[in-house]
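Notes to accompany the following structure.
Any read-out appearing in this document is the output of simple, stated calculations on the displayed coordinates, not a laboratory observation. As the structure is a computational prediction, the values presented were derived from the model and not from experiment. Note that each Cβ is placed from the backbone with ideal geometry, even for glycine, and that neighbours are counted across all protein chains shown.
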Amino acid sequence: MKYFQYPINGDDWTIGLLSTEEMEAEHGDAGGITISADRKIDICMDSLTDSVIMHELVHAHASYMFFEDASPTPSQMEEIFAEFFGERHKLLVKQKNAIKKKLKEFESQENKDE
């Protein structure tokens, strides 16, 4: 496991790269997982893709939107996500690229150690 801190929405989040075995032990069969309460994202080394990183980033950003007590209609939900991606798409891509770069460095170090 290798971790680093990365700012999301003004808070430091812990981003980790885990081997398949570590991921299964910690979280079961998942390519990535976001634990909003802990401000933590874990990515499995075998799932280090743009889509998995973006998926987890959206979970992190959405955790600030306070959906727990809301019951939006399908059209309201569509509007929420259209606004979300319209406003944040450049930021999400920038963050995804920065996180992927750091995780790829971890992966490269891991491969050298083998």
Cα centroid distance between region 43-71 and region 98-114, in Å? 21
Tilt of helix 74-113 relative to the longest C-alpha principal axis of the chain, in degrees (0 to 90, nearest 10)? 10
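So if I take the alpha carbon set of the chain, get Rg, then get Rh from the Kirkwood formula, what is the Rg over Rh ratio?
Details: Rg = 15.1 Å, Rh = 15.0 Å.
With Rg and the Kirkwood Rh in hand, the quotient comes to 1.01.
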For THR14, put the label point 7 Å out on the Cα→Cβ axis and report which residues of region 39-54 keep their amide N under 11 Å from it. 39-42
Projected onto the charge dipole of the chain (unit charges on the beta-carbon of Lys, Arg, Asp and Glu, signs +1, +1, -1, -1), the Cα from ALA82, ALA37, GLY16 with the largest positive-side position is that of ALA82
24 Å Cα cut-off, lysine pairs counted over the chain (separation 8 or more, or different chains): 26
